[in-house]
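First the structure, in the form of C-alpha cells, and then the observations on it.
The values are calculated or read from the model by the stated rules, or taken from the named source; none is laboratory data. It should be emphasised that the depicted structure is a prediction, and the values quoted were computed from it without experimental measurement. With ideal geometry, Cβ positions are generated from the backbone for all residues, glycine too; neighbour counts draw on all protein chains shown.
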Amino acid sequence: MNRKPTRKSARSEDFSKLVAIVQDEAEGLLLVAMTTRQGIFDIIALSWGDVDFAKSIIRFRSAKAHRVLEAPLDDAVRTWIQRHPRPVDPNVRLFGRLAAYLIPRA
C-alpha cells in the first residue's frame with residue numbers, strides 16, 4: 001500500500017541551503033548570543049541600524065518584553081560585523097539570510 005505523506009517534507013536542496021546559511025552566519029550569531037545573552041530570534045531580527053558603533057551598543061527590540069534593550073557591543077562582535085559590507089539602508093537585517101528563512105513576512 002503506497003500512501004502519500006500528509007505533510008510536505010523538507011526537500012534536500014532546501015536543507016542544504018539552510019545549512020550553508022547557518023554556517024555562514026553562525027559565527028556572528030553565536031558571538032552576539034554569548035556576549036549579550038539575548039534570545040536567538042531577537043538577534044536574528046537585528047538590523048544594521050541597531051548597531052551603534054559610536055556608543056558601542058546594540059539595540060534589541062525584544063519580542064518577549066515588547067521593549068528596546070541595549071547591550072554593550074563586544075569587541076569580537078564589532079570585528080565580526082565590520083568584516084561585512086555595511087548597506088546604505090540601516091533597516092537591512094544583520095543576519096539577513098537567516099531572517100529570510102525564520103522571520104515571517106507581514
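Residue count for region 58-86 satisfying the condition of being within 15 Å of L31 (Cβ to Cβ), surrounded by 14 or more Cβ atoms within 10 Å (Cβ to Cβ) and not acidic (D, E): 9. Picking from residues in region 7-23 that are under 17 Å from H84 (Cα atoms) and surrounded by 13 or more Cβ atoms within 10 Å (Cβ to Cβ), the one that is modelled with the highest pLDDT is V22. Scanning region 82-98 for residues being under 15 Å from D50 (Cα atoms) and in contact with a helix residue (DSSP H, G or I) (Cβ under 7 Å, 6 or more places away or on another chain) gives a total of 8.
Residues are listed down the side, and each one gets a yes or a no for (1) hydrophobic (A, V, I, L, M, F, W, C); (2) within 19 Å of Q38 (Cβ to Cβ); (3) part of a loop (DSSP other than H, G, I, E, B):
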{"residue": "R59", "(1), (2), (3)": "no, yes, no"}
{"residue": "A65", "(1), (2), (3)": "yes, yes, yes"}
{"residue": "A76", "(1), (2), (3)": "yes, yes, no"}
{"residue": "V88", "(1), (2), (3)": "yes, no, yes"}
{"residue": "L98", "(1), (2), (3)": "yes, yes, no"}
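Going by the structure shown, is V92 aliphatic (A, V, I, L, M), modelled with pLDDT of 85 or more, surrounded by fewer than 12 Cβ atoms within 10 Å (Cβ to Cβ) and farther than 23 Å from D14 by Cβ? Judged against the criteria, V92 is not a match. Out of the residues in region 41-57 meeting the condition of being under 17 Å from L29 (Cβ atoms) and either touching a His at 6+ places or on another chain (Cβ under 8 Å) or assigned to a helix (DSSP H, G or I) (or both), tell me which one is modelled with the lowest pLDDT. It comes out as F41.
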